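One structure below.
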Amino acid sequence: MIKELLSIVKLTVFQPRCKLCDNILVHRNEEIICNECKSKIKINLEPVCEKCGKLLHINGNLCGECLINPPIFRKHISYSIYEEEIKDLILLYKYLEIEKLKKLIANYYIELFYRKVDEKFDLIIPVPSDDGRKREYDHILEVSKILSKELGIRLLNSNLKKIKKTLPQAGLSMEKRLNNLNGAFKLNNPVEVRGKKILLIDDVYTTGTTVKKCTGLMKRVKADVIVLTLARSI
Ligand SMILES: [Zn+2]
Ligand SMILES: [Zn+2]
């Protein structure tokens, strides 16, 4: 009796649960997050601005902002809108489960690449992440390593560096975001990216300040930059 009771307790208490919705993981292929949560994360196929990837609610190819003041990169594309499951998944990946989720996360970028870009590139460059904490892994770099292998594009990791500690961009005004990142990035060897076609990888696109700063450095040496992210704020 006690043994049976214990096994029931063990089953319910120690069953791994989905870290997004807390449902018990019952299927063999489920790890960290359940299949139902996974199925809710889909590529955005709504019309978006051809330049910055913003959802378009009116006819046309470009959003109002890009018509007046187009961003410095050639194009930015996101897998999805930054909300609900993907928002939680990105946080989970970034702060807790880099090792276990990196393949799943990389697959979203790969699907995005083949469906919406599919061009030849010379280099993949990850946006250096530094939130002021010392961590074993850099979540953007880990995913970029997989992308490099799967897409057959050389990874250039040691060139673009973050050289200044900055405040978290979230919660800052547009002007403060720009000032916050002034002088934050540096290309160690600009010659290596001169005239190259570059796939710049980041996780979330909010105002695009970070990727615009990084692109600016590369444009000085006439590189052509396309930015790929997982999710974009509306
Ligand atoms: Zn779930
Ligand atoms: Zn736009």
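The values are calculated or read from the model by the stated rules, or taken from the named source; none is laboratory data. The structure presented is a predicted model; accordingly, all values stated were derived computationally and were not measured. Because the Cβ atoms are built from the backbone with ideal geometry, glycine has one as well, and the counts that use them run over all protein chains shown. Heavy atoms of the whole protein, side chains included, go into the accessibility calculation; ligands, DNA and RNA do not. Shrake-Rupley method; radii C 1.70, N 1.55, O 1.52, S 1.80 Å.
For segment 41-232, the share of DSSP beta bridges that are antiparallel, to the nearest 5, is 15%.
For a modelled paramagnetic label at Leu56, 7 Å from Cα along Cα-to-Cβ, no residue of segment 193-234 is in reach, as no backbone nitrogen comes under 13 Å.
Using the structure shown, select from Lys38/Lys149; Lys102/Lys186; Lys102/Lys145; Lys75/Lys165; Lys87/Lys176; Lys161/Lys212 the pairs with a Cα to Cα distance greater than 21 angstrom. Violating the 21 Å Cα-Cα cut-off are Lys38/Lys149; Lys102/Lys186; Lys75/Lys165; Lys87/Lys176. The residues of the chain expose, per residue, 57 Å² of accessible area to a 1.4 Å probe. With a ≥ b ≥ c taken as the square roots of the eigenvalues of the C-alpha gyration tensor of segment 41-232, please select rounded if a/c is under 1.5 and otherwise prolate if a/b is larger than b/c or oblate if it is not? Judged from the Cα gyration tensor, segment 41-232 comes out rounded (a/c under 1.5). Computed extension gain for Asp88 through Asn35, at 0.36 nm per residue and net of the alpha carbon distance, reaches 17.6 nm.
Relative contact order for the chain: 21 percent, from Cα pairs under 8 Å spaced at least 6 residues apart, divided by residue count. A full extension of the chain between Lys103 and Ile68 corresponds to an added length of 8.8 nm, given 0.36 nm per residue minus the alpha carbon distance.
When the helices of the chain are scored as -39500 (n - 2.57) per DSSP H run of n ≥ 4 and the total is divided over every residue, the value at 222 nm lands at -11000 deg cm²/dmol. Please check: in the Gaussian network model of the chain (C-alpha springs, under 10 Å), which one of Ile98, Ile72, Ile163 has the largest mean-square fluctuation. Looking only at Ile98, Ile72, Ile163, the biggest GNM fluctuation is shown by Ile163.
Fully extending the segment from Asn189 to Asp118, taken as 0.36 nm per residue of separation minus the present Cα-Cα distance, adds 22.8 nm.
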